[in-house]
Structure formats: C-alpha cells, structure tokens
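S.K.: I have a structure I would like to understand better, so I am pasting it below and will then ask my questions one at a time.
The values are calculated or read from the model by the stated rules, or taken from the named source; none is laboratory data. Note that the coordinates shown come from a computational prediction; the quantities given were computed from them, not determined experimentally. Heads up, the Cβs are rebuilt from the backbone with ideal geometry, glycines too, and the neighbour counts pull from every protein chain shown. The area values use the complete protein model at the heavy-atom level, side chains included, leaving out ligands, DNA and RNA. Shrake-Rupley method; radii C 1.70, N 1.55, O 1.52, S 1.80 Å.
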Amino acid sequence: MRVVLGEDLVLLRDGLIRLLKAYDFDVVEAVDSGPALLKALVDHRPDVAVVDVRLPPTFTDEGLRAAIEARKRVPGLPVLVLSQYVEQLYARELLSDRGGAVGYLLKDRVSDVKQFVSAIRRVAGGGTAMDPEVIDQLLARGARDQPLTTLTPREREVLSLMAEGRSNGAIAGRLFVTEKAVGKHIANIFGKLDLPMSEDDNRRVLAVLAYLDRV
C-alpha cells in the first residue's frame, strides 16, 4: 500500500516512516511543508495520505488545506489527518464532501500502533476513522437534541463507535455482544434519528456524522 506522509518534525516523521514500513506500507514520499505535500499527493496519487494538520510555512492548517485541495484534484483520495488537539472545524471540513475515505485522529493515537494501523487501512479502503474525542464532543454538543435523548445508554455506545468508523463486527467485539444485536441497535438508532438505513458501513457512518454535525 503506497503512502505519502506529511510531517514537519524530523523525529516523528522518521518514526512514522519506520512504523509504516514495519507494517508493509510503502512510503513513496515524506514531506515537511504544505506546498510539498500538495505536489506529492497529486504526483503520486497514493493509496492513502497520512498528514499533520499544521505544516510550514505558517504552522496553522497547511496540511489540512493541502489534503482538501488534493482531494479536489484527485477525487476520493484517502486522507488520514493527525492533529495535536481536537478541532471540530477540521473534522467538519474533511467530511464536507461526504465522500468518505477520510480520517481524523489525535497524534496520541499513534502510540497505539494497532489502532493507528487499522485506521490507516480503513481509510485507504474507503472508510472513515474519527477520533473518539471528536465524537464525544459532537455528542456532548447535541446532548439536548430531542432525538438523541431518546437513545438508550447502549444505543449511544453503538452510535459513538459507529461514528468512529467501526464495522458491525468491530462494534460487537468491543461491546461483547453479537453482530445481530448490534444490527438491531443500529436499526433502532436510525429509526429514532430518522436517518436512511444502508447496508454500506461507510454510508451509515457518514449519515451519522452528518447528523451529529448539524445538531
């Protein structure tokens, strides 16, 4: 799997390169600025990009801007963005085209190598990987939303895990229940939130994230 990496901190960049190579990713280019990232993404059209939000020259949101612009030039380009802090605006902008194949994780998650690698593969496969803290903030913001208040505690757990981008099987494993039980919870959630059901995991995730973003 071909990867373009955008990270300006030399030690972290080198560490990520070694980690990715250890899990059989092919890092075709690693860059340290927004302009260089955009060029690398358009030139290589990788299977997935792993991008720090803040890159030179201004260290604000060059990485995110380069990734969004690259997705305009290469529709569907999978992008996993890493950020030091939770910024709902970044997550919202990433999801704005409703196309999937995007992820937003805090840099701390890199230390959980299996989770990090799983997120990269999920995004590369066209799925979505959202940091649990982003989902927690979205749920907290919508705490008084009438449909959300009708969800049971278990349904809220399922909703949160689904919004992170997890499949039915992964949710079942996390909650120690059957996939059939997860399916029933999801059907109840979509019914209460008046969302259209879909057999496609990614479409369901995007529907949930779109709902949470507007409450």
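S.K.: Give a residue-ordered list of calculated ³J(HN,Hα) values for the stretch 113-126 (Karplus: 6.51 cos²θ - 1.76 cosθ + 1.60, θ = phi - 60°; whole Hz; x for Gly, Pro).
M.R.: Rounded to whole hertz, the list is 4, 4, 5, 5, 5, 4, 5, 4, 5, 5, 5, 4, x, x.
S.K.: For TYR23, what charge total do you get from the other residues with a beta carbon under 14 Å from its beta carbon, if Lys and Arg give +1 and Asp and Glu give -1?
M.R.: Around TYR23, the charge tally is +2.
S.K.: Now for a separate question. Quick check: at a probe of 1.4 Å, how many percent of the accessible area of the chain sits on carbon and sulfur atoms?
M.R.: 51 percent
S.K.: Would you work out if the stretch 2-143 is rounded, prolate or oblate? Take a ≥ b ≥ c from the square roots of the eigenvalues of the alpha-carbon gyration tensor; rounded if a/c is under 1.5, else prolate when a/b is larger than b/c, oblate otherwise.
M.R.: rounded
S.K.: Go through the stretch 44-59 residue by residue and turn each phi into a ³J(HN,Hα) via Karplus (6.51, -1.76, 1.60, θ = phi - 60°); whole Hz please, and just put x for glycine and proline.
M.R.: 8, 6, x, 5, 6, 10, 10, 10, 6, 4, 9, 10, x, x, 9, 6
S.K.: For the chain, what does the helix formula give at 222 nm: sum of -39500 (n - 2.57) over DSSP H segments with n ≥ 4, over the residue count, nearest 500 deg cm²/dmol?
M.R.: It lands at -16500 deg cm²/dmol.
S.K.: How much net charge surrounds GLN115 when only the other residues with a Cβ under 13 Å from the Cβ of GLN115 are counted, with Lys and Arg +1 and Asp and Glu -1?
M.R.: +3
S.K.: A further question on this structure: Leaving out ligands and nucleic acids, note down the accessible area per residue over the chain with a 1.4 angstrom probe, in whole Å².
M.R.: On a per-residue basis, the chain sits at 47 Å².
S.K.: Please go through the residue pairs LYS107/LYS180; LYS114/LYS192; LYS107/LYS192; LYS21/LYS72; LYS21/LYS180 and name each one whose alpha carbons sit more than 30 Å apart in this structure.
M.R.: Long pairs (Cα-Cα over 30 Å): LYS107/LYS180; LYS114/LYS192; LYS107/LYS192; LYS21/LYS180.
S.K.: Connecting C-alpha atoms closer than 10 Å in a GNM of the chain, tell me which of ASP32, ASP43, ASP61 has the biggest fluctuation.
M.R.: Among ASP32, ASP43, ASP61, the largest mean-square fluctuation in the Gaussian network model of the chain belongs to ASP43.
S.K.: Same structure again: Any idea how far apart ARG65 and ASP108 come out in nm if each label point goes 7 Å out from Cα toward Cβ?
M.R.: Placing both labels 7 Å along Cα→Cβ, they lie 2.9 nm apart.
S.K.: On a C-alpha basis, how far is the centre of the stretch 31-88 from the centre of the stretch 99-115 in Å? Whole number, if you could?
M.R.: Their Cα centres are 14 Å away from one another.
S.K.: Trypsin sites (Lys or Arg not before Pro) within the stretch 100-198: which are DSSP loop residues with at most 10 other Cβ atoms inside 10 Å?
M.R.: Listed in order of number, the matching sites are ARG144.
S.K.: Would you work out the relative contact order for the chain, in percent, from Cα pairs under 8 angstrom that are 6 or more residues apart?
M.R.: Relative contact order, the chain: 14 percent.
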